[in-house]
Amino acid sequence: MTAHRPTARSILLLLAASGALAAPASGSGLASRGTVPAKLVFPVVGTVSYSDDFGDPRAQGGHPGNDILAERRAPVVAVESGKITFWTTSATAGCMLYLYGKSGTMYEYIHLNNDLTARNDNRGSCVAGVAYAPGLTDGQEVAAGELIGYVGDSGDANGIHPHLHFELHPGGGRPVSPYPWLKRAVPLATGATLSQPVTPAVRALSY
């Protein structure tokens, strides 16, 4: 099954229609630098499933994010405007990237796609057009809602249900649970299931 791939233009039009790109009034929206925006764009487009699994036991300690289950190669978008940095050398995280938001918050997107077909073939690599959006470059500035990558099962998620491991680091510091922000985030497509349990197989991951 091939996932729908919205263009950056169509995503931004959806955001504008939902009001997510409207300029915040004084004292609302983006707060002082280092404060997470009150409302983010939901990081995955389409039908998803996740729960508040932050802090759940993992091999390296408590789970530092939330796992968002979705179809393989489901579009992944920027939750706020900022700058992208690629990270392609982690055996556990697989294909991942950092988004340094303009609010000062840093977000980690982990286990992005490394497959070239609709199956788990592991024939791709952490490059634009496979893990990352076509044409996306390391250090690029992106807008909130812009396509930046695709859901996958790279790293130690290989062979388990494709999902995005999503982390939220206020001020670039220690991770906090993304769950409250995910619950009120603006989805870019209908059908997002916002509070379904994560499967036991995903809970067994080290990330």
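Nothing in this text is a laboratory measurement; each read-out follows from the coordinates by a stated rule. Please read these numbers as outputs of a predicted model, since none were measured by experiment. Here the Cβ is made from the backbone with ideal geometry for all residues, glycine too, and neighbour counts use every protein chain on show.
Candidates TYR132, TYR98: the one that is in contact with a Ser or Thr (Cβ under 7 Å, 6 or more places away or on another chain), aromatic (Phe, Trp, Tyr) and buried (at least 16 other Cβ atoms within 10 Å of the Cβ) is TYR98. Annotation: of all residues in the range 119-142 being under 14 Å from the mean Cα position of the chain (by Cα) and part of a loop (DSSP other than H, G, I, E, B), the one that is nearest to PHE166 (Cα to Cα) is ALA131. Taken together, GLY173, GLY139, GLY145, GLY152 contain a single residue that is crowded, with 24+ Cβ neighbours inside 10 Å and under 20 Å from GLY101 (Cα atoms), which is GLY145. Taking the range 88-113 as the range and being outside any strand (DSSP E or B) and of a type in the set (Val, Ile, Thr) as the test, the residues that pass are THR92, THR105.
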